[in-house]
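Asks: Quick one: this structure, given as structure tokens, is what I'll be asking you about.
Just so it is clear, none of the values below were taken in a lab; they were calculated from the coordinates. What you are looking at is a predicted structure, and each value in this text was computed from that prediction instead of being measured. Virtual Cβ from ideal backbone geometry, glycine too; neighbours counted across all protein chains shown.
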Amino acid sequence: MASEVETRKSIIKIFQEHPEWSFIKIVREAGVCRKTVSIVIRRFKEDLTINRKEGSGRKKGFQSPKTAKKEGVIRGSDRDHHKKYDGIPEKIKNLCQK
């Protein structure tokens with residue numbers, strides 16, 4: 001499997017060699033999904049770079065329980081505890097107070 005950078009380079013190479021091709025033709029040639037092709041080409045047209053947008057991808061570190069619940073990150077057991085005790089689980093509550 002090709003690395004992310006190699007995949008992006010191959011998409012741009014195909015796009016530059018065949019600018020008249022539709023995204024679907026590029027998808028078939030590169031062997032990636034249509035969304036990836038459209039994102040890579042759009043980013044290339046905007047900034048002339050193949051790098052990902054800064055800050056994109058999965059976030060690391062602690063999330064507030066409110067944000068985690070909103071984004072569906074809280075696991076089932078945490079969600080049940082949250083409902084049962086009408087608030088933040090004790091473990092998280094202690095972290096927030098420190």
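Asks: Can you tell me how much longer the chain between CYS33 and GLU20 gets when fully stretched, taken as 0.36 nm per residue apart minus their C-alpha distance, in nm with one decimal?
Replies: Full extension from CYS33 to GLU20 adds 2.8 nm.
Asks: At 7 Å along Cα-to-Cβ for each site, give me the label-to-label distance between GLU6 and LYS60 in nm.
Replies: Between GLU6 and LYS60, the simple spin-label model gives 2.4 nm.
Asks: Separate question: Dimensions of the stretch 4-47 along principal axes (Cα, Å, largest first)?
Replies: 23, 22, 16
Asks: Which of the pairs LYS13/LYS60; LYS35/LYS60; LYS25/LYS60 have their Cα atoms more than 28 Å apart in this structure?
Replies: LYS13/LYS60; LYS25/LYS60
Asks: While we're on this one: Just to confirm a number: summing +1 for Lys and Arg and -1 for Asp and Glu over residues other than ALA30 whose beta-carbon lies under 13 angstrom from that of ALA30, what do you get?
Replies: So the surrounding residues net to +3.
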